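Rule-based calculations on the coordinates, nothing more; no lab input. The structure presented is a predicted model; accordingly, all values stated were derived computationally and were not measured. Counting neighbours? That spans all protein chains shown, and the Cβs are built from the backbone with ideal geometry, glycine included.
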Amino acid sequence: MSHTQHMLLVEDNQNDVELMLAVLEEFPFANEVVVALDGAEALDYLFRREQFATRSEDLPCVVLLDIKMPKVNGFEVLKQIRTDAQLRWLPVVMLTSSRAERDIMESYALGANAYVVKPVDFDEYVEMVKDIGRFWGRRNEPPLSTAGPGGETSGPINSPTVRH
Amino acid sequence: MRAPPVEPPRQQGHDPMSPSMIWAHEHLAAELRPLAVAIRMSADGVLVIDLNGTIRDVNDAAVVFLNRQSPDELIGKSVVDFLLPEDRSEVLVNVQKRLAGEQIGNLEFELGLATGERRWGELQTTVMNDVHGQPVGGVVVLRDITRRRRTEEALRQSQERFALILRSTNDGLWDHDITTHEIFLSPTYKKKLGYADHELANTLENFESRLHPDDHDYVLEAVREHLRDRTSFRVEFRLRIRSGEYHWFESYGQGLWNDAGQPIRMAGSLRDITARKEASAYLEQQVKERTAELARTNATLAAHVHELETVNQELEAVTDTIAHDLRAPIRYVHGFVRLLKKRLPHIDAKSTHYLTVIADAVKQMGVQIDALLTFVWTGRKDMQRTQVMLGQIVREVVKKSADAAQGRDITWDIGSLPDVQGDPAMLRIVLTHLIDNAVKYTQPRVSARITLGCSLSTEHEVVWFVRDNGVGFDMQYAHKIFAVFHRLHRPEEFAGAGIGLALVRRIIQRHGGRIWVEAAVDHGATFYVALPRLAPGG
């Protein structure tokens, strides 16, 4: 199991980012968590554009994608991921406040791999992060193209860092 | 005819002929020979008879007319033998009168033949005198008039039939002789226009001038077309009747063409269809009015639908906002309160209590919001309609509930529940709420008893119930427990969002069913659910 992989958290609300990172600080599952604060930034990161033009070619092991975001929303990001030859197999977990049936159905229709509702209760929230980390960060075998070269590290092991 | 054509009537006892007479006789015979030939060849039958009516000679036509093979069968016989018994005396009288020199007309009579056939003959008798002017016999000319008589008979019958039809039919009849421009309009035709037979002349003018100006051209064109193309002829038009009003008429017609293909005659019927036209015009008007009314109703309905759609869209936007934006802050409050608590390991009991209150309060708010969203979504989402096995769902729900209530003494008494038509997910919500409620409100009981079963079912609906021996409630508040956010107990007593029963009722209503409750304070509650055997619209 490779520890070189990183997660991409696409989340516009700073509070959510902070909660997530607080939990991951205690239970790290990836060597790095990259945070994009809206859909446009997420796409720039994934397609290595703008400020991310020079980043390494590694793809995240999973994208945790919020739906309701300014500029480009989660559905639009998902759509672009699924229509790109390089990114189409990238695991995407919708991570959202809403459990509206419409949002769930739309997500799966666009090719989401999972749909997770952020619980209000903090204990349940911690459990959720642990579930996601354990499964998508460790248990799941990502498509070959998303895994980085073996042994290489691009950040301190077990210590998540934040990028904006 | 045999020679000599006329044998001297010897039995009359006349003197033998003198030489001069013989000469005269021979001379005459020679002169008469061409005539004799003509008589023999004549198409009319010729019989020579004596004064007794005995046939003395016949020509071929007579043999044929009387349906005999040869003259021998006729000569020597009485002429009356060939007549019908009822005609005999008349013919005899006629012949005798002629022989007596009386000037009377020809006689027509019917003749029965040996074959059973009947023929008509015209009888003309000419007296034959001897040189002294004494009648010696007669020449009877028989003309076959069977064909003429039959034609006359057919014509008479045809005329009779036509007269009968004219009298019996309720349609007016018209007949136009195109070659002579003669017109016949039947009495009924004229009656339909308000006239007696003699009051209206049989002229084409009486048709054309009465045609409604708008109908004139196409009626005449229809006639021309029929006579040209021989298509079927049926037209509807208006004619001005005696009162000056126009009536609607319908006419069927048929032309007649000569061998050269030129039309020579056209006849047809006339029927007053004013009542029918008015009825259909009335119906058309009714349909028009109803259609207009329907269009107005539809427009109103469309406006209402549009209004509803707008309201729905707004509601959707509201629930969307609640789902996304209202849940998040609650999560932050709960999350950060918990994180804060962790960073303050040595705070006093009161501060800990405050933090707990804050966390519990927002958590409760989250529960409420989730329940409210469920209520709204369940009320709006499309319903499935399939066979739902209530018994199966009950077993699953009870197991879950019983597991959650481990440590408590609950006796489950579960009867058999029917299959119903409906949405399985929604009916699961109903059962979950009712069973969880029963578990919740029997909490204070040392020994709880929860009963599920079927009761009072009819052919139209099935009724089942969930009964508990819990705390119950006062029936005077029974109508309130199905209202959203309404509770009969303080939250401190029993947890919950206060939406469950409202949601249950909404689901049951969407299934076309009913829900009601029987309860008493401290004596438990029984929730009854009636579902139609066939779901509405299903």
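With 10 angstrom as the radius, rank B:23, B:516, B:464 by how many other C-beta atoms surround their C-beta, starting from the fewest.
B:23, B:516, B:464
Arrange A:61, B:454 by Cβ neighbour counts within 10 Å, fewest through most, would you?
Neighbour counts put them in this order, fewest first: B:454, A:61.
What is chain B's relative contact order, in percent, from Cα pairs under 8 angstrom and six or more apart in sequence?
Averaging sequence separation for qualifying contacts and normalising by length gives 7 percent for chain B.
If you average 1/r over all unlike Cα pairs in the stretch B:272-351 and invert the result, what Kirkwood radius do you get in angstrom?
19.2 Å
With each pseudo-label sitting 7 Å past Cα toward Cβ, what's the residue B:205-residue B:258 distance in nm, one decimal?
Once both label points are built, they end up 2.7 nm from each other.
Please report, in whole Å, how far the alpha carbons of the stretch B:362-493 spread along each principal axis, starting with the longest.
42, 36, 33
Send over the per residue convex hull volume for the stretch A:1-50, Cα only, as a whole number of Å³.
Once divided by residue count, the hull of the stretch A:1-50 is 74 Å³.
Pull up the cross-link candidates among the lysines for residue A:130, meaning alpha carbon to alpha carbon under 24 Å and not fewer than 8 places away within one chain.
Qualifying lysines at Cα under 24 Å: A:68, A:118, B:341, B:342, B:363.
If I take R0 = 30 Å and measure r between the Cβ atoms of residue B:167 and residue B:221 in this structure, what FRET efficiency does the formula 1/(1 + (r/R0)^6) give, to the nearest 0.05?
It comes to 0.35.
Work out, in µm²/s and without decimals, the Stokes-Einstein translational diffusion coefficient of the stretch B:176-232 at 25 °C, 0.890 mPa s, Rh from Kirkwood over C-alpha pairs.
Stokes-Einstein gives a translational diffusion coefficient of 194 µm²/s.
Place a label point 7 angstrom from the Cα of residue B:18 along the Cα-to-Cβ direction, then list the residues of the stretch B:115-138 whose backbone nitrogen is under 20 Å away.
Residues B:130-134 fall inside that zone.
Test of the criteria: in the stretch B:205-237, which trypsin sites (Lys or Arg not before Pro) are in a DSSP loop and have at most 13 other Cβ atoms within 10 angstrom of their Cβ?
Listed in order of number, the matching sites are B:230.
Tell me the label-point distance for the pair residue B:196, residue B:302, using the 7 Å Cα-to-Cβ offset, in nm and rounded to one decimal.
With each label placed 7 Å out from Cα toward Cβ, I get 6.3 nm.
Between residue B:273 and residue B:183, what length comes free when the chain is fully extended (0.36 nm per residue of separation minus the Cα-Cα distance, one decimal in nm)?
Taking 0.36 nm per residue and subtracting the Cα distance, the gain is 30.1 nm.
How far apart, in nanometres, would the label points at residue B:291 and residue B:476 be if each is projected 7 angstrom from Cα along the Cα-to-Cβ direction?
6.2 nm
Using bins 10 angstrom wide from zero, how does P(r) for the stretch B:10-145 break down, in % of all Cα pairs?
Spelled out per bin, shortest first, that is 11, 40, 34, 13, 2, 0.
Toward the positive end of the charge dipole of the stretch B:262-310, about the Cα centre and with charges on Cβ (Lys, Arg +1; Asp, Glu -1), which of B:285, B:270, B:298 goes farthest?
B:270
At a 10 Å Cβ-Cβ cut-off, how would you order B:433, B:132, B:523, fewest neighbours first?
The most exposed by this proxy come first: B:132, B:523, B:433.
Taking the dipole about the Cα centre of the stretch B:317-402, with the C-beta of Lys and Arg at +1 and of Asp and Glu at -1, give me whichever of B:374, B:397, B:357 is farthest to the positive side.
Value computed over the given set: B:397.
Report, ordered by chain and residue number, the lysines lying within cross-link reach of residue B:440, taken as a straight Cα distance under 18 Å and ignoring same-chain residues fewer than 8 apart.
Cα-Cα hits under 18 Å: B:399, B:400.
Based on Cα positions only, what radius of gyration and what Dmax would you give for the protein assembly as shown, in angstroms?
59.7, 193
Do the sum for chain B: with -39,500 (n - 2.57) for every DSSP H run of n ≥ 4, divided by all residues, what is the mean residue ellipticity at 222 nm, to the nearest 500 deg cm²/dmol?
-15000 deg cm²/dmol
Work out, in µm²/s and without decimals, the Stokes-Einstein translational diffusion coefficient of chain B at 25 °C, 0.890 mPa s, Rh from Kirkwood over C-alpha pairs.
In µm²/s, the coefficient is 66.
Just going by the charge dipole of the protein assembly as shown, with Lys and Arg at +1 and Asp and Glu at -1 on Cβ, which of B:458, B:196, B:258 is farthest out on the positive end?
Of the candidates, B:458 comes out farthest on the positive side.
Sequence neighbours fewer than 8 away in the same chain don't count; with that in mind, list the aspartates and glutamates whose C-alpha is under 12 Å from residue B:277.
Correct list for residue B:277: B:236, B:250.
To the nearest 20 debye, what charge dipole does the stretch B:169-272 have about its Cα centre, counting +1 at the Cβ of each Lys and Arg and -1 at the Cβ of each Asp and Glu?
The calculated dipole for the stretch B:169-272 is roughly 200 debye.
Are there GluC sites (Glu not before Pro) in the stretch B:100-180 that DSSP puts in a loop and that have at most 13 other Cβ atoms within 10 Å, and which ones?
B:102, B:117
In debye to the nearest 20, how big a dipole does the stretch A:6-146 give about its Cα centre with +1 on each Lys and Arg Cβ and -1 on each Asp and Glu Cβ?
Here the size comes out at about 560 debye.
Please get the size of the charge dipole for the protein assembly as shown, origin at its Cα centre, with Cβ charges of +1 on Lys and Arg and -1 on Asp and Glu, quoted in debye to the nearest 20.
Roughly 1940 debye, rounded to the nearest 20.
Could you compute the FRET efficiency for residue B:236 and residue B:310, with r as their C-beta to C-beta distance and R0 at 60 Å, rounded to 0.05?
0.70
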